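Data block below; observations after.
Just so you know, all these numbers are worked out from the coordinates, no wet-lab data involved. Bear in mind that the values here come from a model prediction, so they are computed numbers and not experimental data. Cβ sites come from the backbone with ideal geometry, for glycine too, and all protein chains shown count toward neighbours.
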Amino acid sequence: MGLKKQSSKANQQILKGLWFLMGLFLWEMVVRLQWVNPLLMPSLTKIMKKLIDEIMHGNLLLQAFQSVMLIFLALLIGLLIALIMSYLDYFSEIYRSLFEWLASALNPLPGVALLPIVIMWTGVGLKAVFAIIMHGVVWSLYLNIKTGFNEVDDAYIEVAKNHGASHWQMFHYVLLPNSIQATVTGLRIGWSRGWRALISAEMIFGAISTIGGVGWYLYERRSFMDSAGMYAGVVLVILIGLMVEQFIFDRWLVNLYDKH
Amino acid sequence: MKKMMVIIFSIIMGLSGCNNQITDEIIIAEQYGLAYAPLQVMKEKGFLEDELKGDRVVKWVKLANTAAIREAMLSDQLDIGFMGIPPFLIGVDQEMPWKIMTGLSQSPVGLITDQVSIKNLEDLIQKGQIALPQPGSIQHILLAMALDKQMGQSNLLDHQLIAMNHPEGYQALIGETQVVAQFTTPPYLFDGLNTEGIHMILDGEEAMGEPFTFIVGVCQDSFYQEEASYESFLRALDRAYIFMEDEKSETLTILSKSYGLEEDVLESYLYEMDMIYGKEVLGVERFISFMRKEGYISKDIRQDDVLWD
């Protein structure tokens, strides 16, 4: 069974690789046969050249680093807030009703829809973008951690109760360790929502600091009609997404979970 | 129920690509501002429809910025677009197959601030954000020209720029935000200068060093080849200019509705504040040489290559 799983995983990787290569081949074919205006669809070599050039000589890597750091900071603060909310939710019916109501009202609301209001409160700048990312991050984390807490085996809860565990001890020794998987899922969703929020916010009102992030890069390239640059930015966004998924969520956090 | 059906139908049509340009439709894009006033008049008075003698349907669209106009034209969703000369040249440099068919207007344009302590460009360094429509816009290039002339470095303030359209930029300027200056055009420029505490620190013409056409009309070769429609548009534009001169009262009535301004305010803006409406195209050479020198464009472009006959 295990072997079958392993070989099926390997097959999946090969198949994904083949699809990827086929996509690249089709792209280049469409460009070379000039089926589409080259301003709409530049060649792969042009895009890669641009990406390398921007990384080596431009600010793109620095812009991407700023974007990723901003989201990680939001995830960290969001995680703390969500843990406090989940703690209060678990032990207090009053807080539960409040947070459930807030989550059901605000979680489906796209961050970009809040942008004009956030700008009124915080002005245009880093604070506004940060607020939008936090909105994308907190609700998914809270809902996932809450689900994790609720799914902890009753037997553990009973044992802890019988030993006279306090709320904090219950939270620290029982609820938290047994809901790491749900927390990781929350972080994963929070990351993708935060990433989307950041890029949209930057593309809507431009640079937010000295160099701006990847969203601003895309906006700027669009203004200068640099199609290859726009695609290069999108490629970088995809690469960062894949790397974070692969190294942070699939390996580091899952290892953390396995240790428990 | 009927309205809902119309909405559903239009969504389906939109998704299926049936909104693509059809041959008997002329689609014209404009942006917001007093510089586009002749187009408003042409639209309201139906001059183009009249010149076309019912041969084609005229559709007007208001797009947010020049990038959107370029993209719409590139995907054959647009026949005529109006924009500043610099973003047009950026398109030419990227081999966009378009040329200038006419000038539309010359307009005052200026960098304004509400900060008493800011009196010139040097005072702006590290002071806060500067709002302008987008990188590569005429405002951005004029700012770069002034910085080049006064400080010897055209991109000195680039890291302080924030892309905002004129209404939002103006709100940000007068509100409590990090935006301390805005490079803007009428009516926002005039509104701003009439407001206590707001003053201008850079005039567009001073930055350029000579008069220039603020907005030009451009089209691709495909529309240029449609001689009858092309000529009809230019004739309709001439009629709009003449109408604005001869029928001031009706012009003000039409435009006060479009711009939401009182007629007397609009009258002073249109006829007493250096707004010049005409087809002449000025400043192309100067923009080309500066943008080439500073790397905004990478090819040697000649003025003759960017104008239709």
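Against the main long axis of the alpha-carbon atoms of chain A, helix A:180-205 sits at an angle near 40°. Residue order for A:Asp153, B:Asp158, B:Asp123, fewest other beta carbons within 10 angstrom first, comes to A:Asp153, B:Asp123, B:Asp158.
Roughly how tilted is helix A:126-150, in degrees to the nearest 10 and between 0 and 90, from the longest Cα axis of chain A? Once rounded, the angle reads 50 degrees.
Between B:Arg292 and A:Asn255, the FRET efficiency estimated from the beta carbon spacing at R0 = 51 angstrom works out to 0.40. Treating r as the C-beta distance of A:Met69 and B:Glu280 and R0 as 45 Å, the FRET efficiency rounds to 0.30.
3J(HN,Hα) along segment A:110-122: x, x, 4, 5, 7, 3, x, 5, 4, 4, 4, 7, 10 Hz, from the Karplus curve 6.51 cos²θ - 1.76 cosθ + 1.60 with θ = phi - 60°, whole Hz, x for Gly and Pro. When the Gaussian network model of chain A links Cα atoms closer than 10 Å, the mean-square fluctuations of A:Met134, A:Met120, A:Met230 top out at A:Met120.
Modelled label positions at B:Gln303 and A:Lys127, each set 7 Å beyond Cα in the direction of Cβ, lie 4.9 nm from each other.
Computed from point charges on the beta carbon alone (+1 for Lys and Arg, -1 for Asp and Glu), the dipole magnitude for segment B:110-208 about its Cα centre is near 160 Debye.
Counting every C-alpha pair in chain A, the share spaced more than 25 angstrom apart comes to 57%.
A simple spin-label model places the labels of A:Leu62 and B:Ile174 3.7 nm from each other, with each point 7 Å out along Cα-to-Cβ. With a Förster radius of 41 Å applied to the C-beta separation of A:Ile84 and B:Asn155, the computed FRET efficiency comes to 0.35.
Rounded to the nearest 20 debye, the dipole size of segment A:44-259 about its Cα centre is 580 debye, using +1 on the Cβ of Lys and Arg and -1 on the Cβ of Asp and Glu. So which residue, out of A:His163, A:His57, A:His135, gets the largest mean-square fluctuation from a GNM of chain A using Cα contacts under 10 Å as springs? Ranking A:His163, A:His57, A:His135 by mean-square fluctuation puts A:His163 first.
Under 15 Å between alpha carbons, and skipping anything fewer than 8 positions from B:Lys299 in its own chain: which aspartates and glutamates qualify? Excluding near neighbours in sequence, the set is A:Asp226, B:Asp93, B:Glu95, B:Glu285. May I ask for log10 I(q)/I(0) of chain B at q = 0.07, 0.14 Å⁻¹, from a Debye sum over the Cα atoms as equal point scatterers with solvent left out? The computed values of log10 I(q)/I(0) come out as -0.29, -1.12. Using a simple spin-label model with pseudo-atoms 7 Å out from Cα toward Cβ, B:Val57 and A:Arg32 lie 4.3 nm apart. Measure up B:Lys99/B:Lys127; B:Lys43/B:Lys293; A:Lys49/B:Lys149; B:Lys62/B:Lys279; A:Lys127/B:Lys59 against 31 Å on the Cα-Cα distance and list the ones that go over. Result: B:Lys99/B:Lys127; B:Lys43/B:Lys293; A:Lys49/B:Lys149; A:Lys127/B:Lys59 exceed 31 Å.
Look at the dipole of chain B built from charges on Cβ: of B:Ile141, B:Leu282, B:Ile130, the Cα furthest out on the positive end belongs to B:Ile130.
Each Lys and Arg Cβ is given +1 and each Asp and Glu Cβ -1; about its Cα centre, the protein assembly as shown then shows a dipole of about 3040 debye.
Simple rule: put +1 on each Lys or Arg Cβ and -1 on each Asp or Glu Cβ in the protein assembly as shown, find the dipole, and look at B:Leu189, B:Ile26, A:Tyr87; the Cα lying farthest toward the positive end is A:Tyr87.
Could you let me know the centre-to-centre spacing of segment B:202-263 and segment B:107-185, using Cα atoms, in angstrom? Cα centroid of segment B:202-263 versus Cα centroid of segment B:107-185: 26 Å apart.
In summary, the helical segments of chain B meeting the span-like criteria, namely a full DSSP H run, a Cα extent along the axis of 15 angstrom or more and a mean Kyte-Doolittle hydropathy of at least 1.6, are B:2-15. Taking amide hydrogens as placed 1.01 Å from N in the peptide plane, the amide H of B:Thr102 sits under 5 Å from those of B:Gly217, each at least 5 positions away in sequence or on another chain. Anisotropy class assigned to the protein assembly as shown is prolate, per the alpha carbon gyration tensor with a/c at or over the 1.5 cut-off and a/b larger than b/c. Calculated from the alpha-carbon coordinates, segment B:110-208 shows an Rg and a Dmax of 11.9, 32 Å respectively.
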